[in-house]
Amino acid sequence: MPLEHTVEDTLTRFVHDLRHRGVRISTAEVLDALSALQQVPVLQKEAFRAALKATLIKDMNALQAFQNAFAVHFATPEEHLAREVKAAEAEAARAQMIQQAEEELTFQGETLGLSAQEKEFYAGLQEHQRQRIREFLQKTSEGKNVDAGFMPMVESLVRGHLEYWRRKLENNGREPDGEGEGGMSGTDGGIRDELKILYTDMKNINERDLPRVARIIRKLARRLATRMSRRYRHSPRMARVDLRRTIRQNITKGGTLFYLKYKARRRIKPRLILFCDVSGSMSKYTNFVLQFTYGLARGIRQIESFVFGEELERVTAYFRPGKQFSEVAGDVVTNSRVWGEGTNMGRALACLRERYGKMLNDKAVVLVVSDGKTVAPEQALVELEQLRRMVKKVIWLNTLPRKEWDRYRAIRLFRQQVAMVECNTINNLEQVLRRHFLG
């Protein structure tokens with residue numbers, strides 16, 4: 001092939017690459033470059049580079065793109081060979097990192113189903129960061145009532161760890177903003193995805209959507225934590241005129257209102273008790289229960305959290321501030337004595353009344369999260385009736401679709417004592433909070 005054709009072909013690919021990198025190049029400039037190259041010896045690389053740079057590059061912003069593209073398209077055979085060797089070495093190192101990650105990221109002897117990018121990112125973390133993840137996996141593998149069925153949740157939690165470290169690196173070492181709004185995108189596709197998440201049964205939520213679910217739940221929790229009561233407090237700010245105090249203050253002025261007094265809505269923290277079912281029948285809603293509890297605990301100080309199966313367990317201490325969700329969830333699941341057991345709600349409610357009766361007063365609101373499937377429903381009904389009399393309100397969030405409730409005698413009994421609402425989607429949760437707390 002004549003030399004002129006070789007240069008033209010290479011120049012065409014070079015210009016196409018530059019345009020792909022965002023450099024604007026006209027046809028006239030390409031012809032100018034070709035004319036300039038005809039005046040420069042091909043073997044004089046620096047003169048060749050200078051001719052192309054002078055005819056194709058118009059500002060300094062495009063200079064880096066030019067340098068990178070030139071190194072690819074006009075490299076000498078020796079440079080090509082060196083680049084290939086370097087690429088082969090990098091690929092071998094990457095394969096070794098992935099293999100190392102596969103050997104370390106195991107749950108009960110099985111390798112986690114993470115992507116190659118996630119494994120590579122893990123291998124690139126510092127030793128103390130990788131050690132934390134390994135300790136979590138070992139601790140989880142040895143947890144009571146933890147079997148191979150927990151693999152999807154464990155994978156999700158490990159992804160949470162990796163996402164935390166990735167965001168921290170992006171923030172130059174600063175703690176990632178776990179309270180970010182996230183969620184809604186400005187595109188139609190983002191809005192459609194958001195709406196789909198809001199109305200999708202939580203047990204069917206994709207792994208990639210769990211971070212968005214977490215942000216939505218945390219946002220709802222913050223709204224609940226800072227909701228406005230219907231009562232007012234005295235305020236120096238110009239909010240709402242306190243007529244009674246204003247009149248009293250101006251009595252000595254003959255009734256002329258020289259001084260105005262104001263009042264503002266009193267911010268109150270709801271006193272909540274979470275009573276969450278973590279038995280085997282609720283295993284598909286594990287992430288929902290944990291995210292819901294985690295989100296509320298981060299926004300509300302006056303909250304007590306309990307989980308139950310055949311027995312009751314207080315888990316308030318696990319949800320202390322400063323810990324990321326994946327760590328909290330891992331600790332709760334691995335240390336719990338009741339996770340994945342059968343369900344005896346009556347026994348659990350009796351334990352709640354006998355051991356923690358001081359919490360059950362007329363200022364407490366109890367949120368029950370359960371599908372209602374339990375042994376000895378009559379005993380549970382008696383305990384539920386006593387609980388309702390002791391506290392301000394009992395709200396039952398039932399993960400079963402409403403159309404299935406009539407199939408279960410226990411649910412028919414429980415509905416006679418408490419307000420039971422369908423709650424298996426984010427939209428359901430928002431409606432519950434809005435109706436009972438945020439109105």
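Ranked by the mean number of other Cβ atoms within 10 Å of their residues, highest first, the peptides 318-327, 52-61 come out as 318-327, 52-61. Ordering Leu162, Leu413 by the number of other Cβ atoms within 10 Å of each residue's own Cβ, fewest first, gives Leu413, Leu162. Close amide H pairs (under 5 Å, H built 1.01 Å from N) link Leu274 with Glu304, Ser305, Phe306, Leu367, residues at least 5 positions away or on another chain. Residues whose amide H falls under 5 Å from that of Ile205, counting only those 5 or more places apart or on a different chain, are absent, with hydrogens built in the peptide plane. Note on region 361-412 and region 273-303: Cα centroid distance 16 Å, given to the nearest whole angstrom. Remark: region 3-74 is approximated by an ellipsoid whose semi-axes, taken from the C-alpha gyration tensor as √(5λ), come to 18, 13, 12 Å, largest first.
Put in line by how crowded their Cβ is, counting other Cβ atoms within 10 Å and starting with the fewest, Thr286, Thr252 read Thr252, Thr286.
Panel values: region 330-423, Kirkwood radius from alpha carbon pairs, Stokes-Einstein at 37 °C and 0.692 mPa s, translational diffusion coefficient 235 µm²/s.
Restricting attention to region 350-403, lysine pairs at least eight places apart or on different chains and with alpha-carbon atoms under 20 angstrom apart total 5. Shown for Arg435, Arg407: other C-beta atoms within 10 Å of each C-beta, ranked fewest to most, produce the order Arg407, Arg435. Ranked by the mean number of other Cβ atoms within 10 Å per residue, highest first, peptides 368-374, 88-94 order as 368-374, 88-94. Hand me the tally of lysine pairs in region 80-170: alpha carbons under 28 angstrom apart, and the pair either on different chains or 8 or more positions apart. The number of close lysine pairs in region 80-170 is 5.
Just so you know, all these numbers are worked out from the coordinates, no wet-lab data involved. Everything numeric in this text was worked out from a predicted model, so none of it was measured. Heads up, the Cβs are rebuilt from the backbone with ideal geometry, glycines too, and the neighbour counts pull from every protein chain shown.
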